[in-house]
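Step one of this worksheet: look at the structure below.
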Amino acid sequence: MVVGLGSISGCVAVIGSGNSGGKASGSKPSLSESITRTEAIATWTLTDSENESFNVILASDGSAVDTWWKGSDGAKGERGRWEIAQGAIDIRYGSGWRDVISRSPLGFRQVSYAPGLAPGSGPSSDPNHDGQAIKVVGDGLRFVGVWIIQGALPGPKYELFVALRSDGMARKSIDSLEQGTWIFDAGTARIYWSDGWHTTLESMPDGSVFGKSWKPGVALTEMPTGSAPAHRITK
């Protein structure tokens, strides 16, 4: 299955089933066919044991970054490594948790294992969670993931981490109310925080991204309260 991102509220515009492998209709991969590295390098939507969705970005260098913010690192998410093993995508996080993505009649299947499963044991033991894995596509995909904004506000130096999920939910690493929502609008991610702050991530002509923040009560048409370069974490 493939999920498409759009500019509507909540960010999910289209959900359509397909083989996700770029093959023409009538040549859908069989369930026994291994997932290729080309297929694996993507942004995926998975679910945790409470059926809450999160994203994991698999890069060509084997690194993995996810937006699961329930752990001790919050909006910083998790880091890990991935490889193709026994025809499936095997993702191992620094926390010890493991996600395995394989083919299924619906497209792709996710199984999750708690820390302690022996390396190389394969997805044969009883998993802690079983769900559907979904690829995410669309223009807004460039903003899904974990971002770091260096000192966007005046004062002592600090780092602001912002996690953006493909379902339109957002989380930040500072302030008592950390949750928010975001939309993709004309090349910009617009984030609306529960505490009244607003943040934007804007793509610049040179390919860089700039973060701006407005404190509660300040209109977005006014000068931002703070601004700084932003970088998406890739490993």
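The values are calculated or read from the model by the stated rules, or taken from the named source; none is laboratory data. Only a predicted model underlies this, so the values are computations on that prediction, with no experimental measurement involved. Here Cβ is always computed from backbone atoms with ideal geometry, including for glycine, and neighbour counts include all displayed protein chains.
One table, with the values for the structure above:
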| quantity | calculated |
| --- | --- |
| Subset of segment 58-75 (residues that are touching a strand residue (DSSP E or B) at 6+ places or on another chain (Cβ under 9 Å) and either surrounded by fewer than 20 Cβ atoms within 10 Å (Cβ to Cβ) or within 11 Å of R165 (Cα to Cα) (or both)) | A59, G62, S63, D66, T67, W68, W69, K70, G71, D73, G74, A75 |
| Criterion: within 18 Å of the chain's Cα centre (by Cα), over 23 Å from G62 (Cα atoms) and surrounded by fewer than 18 Cβ atoms within 10 Å (Cβ to Cβ) - qualifying residue of Q150, Q179 | Q179 |
| Qualifying residue in segment 97-104 (condition: more than 22 Å from S60 (Cβ to Cβ) and either in contact with a helix residue (DSSP H, G or I) (Cβ under 9 Å, 6 or more places away or on another chain) or assigned to a strand (DSSP E or B) (or both)) | yes |
| Wholly enclosed strands (runs of 3 or more DSSP E) of segment 147-235 bearing at least 3 residues among the hydroxyl-bearing types (S, T, Y) and closer than 30 Å to I41 by Cα | 198-203 |
| Selected residue (only one of W44, W69 is in contact with a helix residue (DSSP H, G or I) (Cβ under 8 Å, 6 or more places away or on another chain) and either in contact (Cβ under 8 Å) with a residue 12 or more places away in the chain or part of a strand (DSSP E or B) (or both)) | W69 |
| Every residue from segment 197-235 that is of a type in the set (D, E, K, R) and under 20 Å from the mean Cα position of the chain (by Cα) | E202, R232, K235 |
| Scan of segment 134-158 for residues that are at pLDDT 85 or above and either of a type in the set (A, V, I, L, M) or under 22 Å from P224 (Cα atoms) (or both), ordered by number | I134, V136, V137, L141, F143, V144, V146, W147, I148, I149 |
| Lone qualifier among S49, S30, S34, S25 - being part of a loop (DSSP other than H, G, I, E, B), modelled with pLDDT of 65 or more and surrounded by fewer than 11 Cβ atoms within 10 Å (Cβ to Cβ) | S30 |
| So S104, is it touching a strand residue (DSSP E or B) at 6+ places or on another chain (Cβ under 9 Å), within 22 Å of R232 (Cβ to Cβ), among the hydroxyl-bearing types (S, T, Y) and modelled with pLDDT under 95 | no |
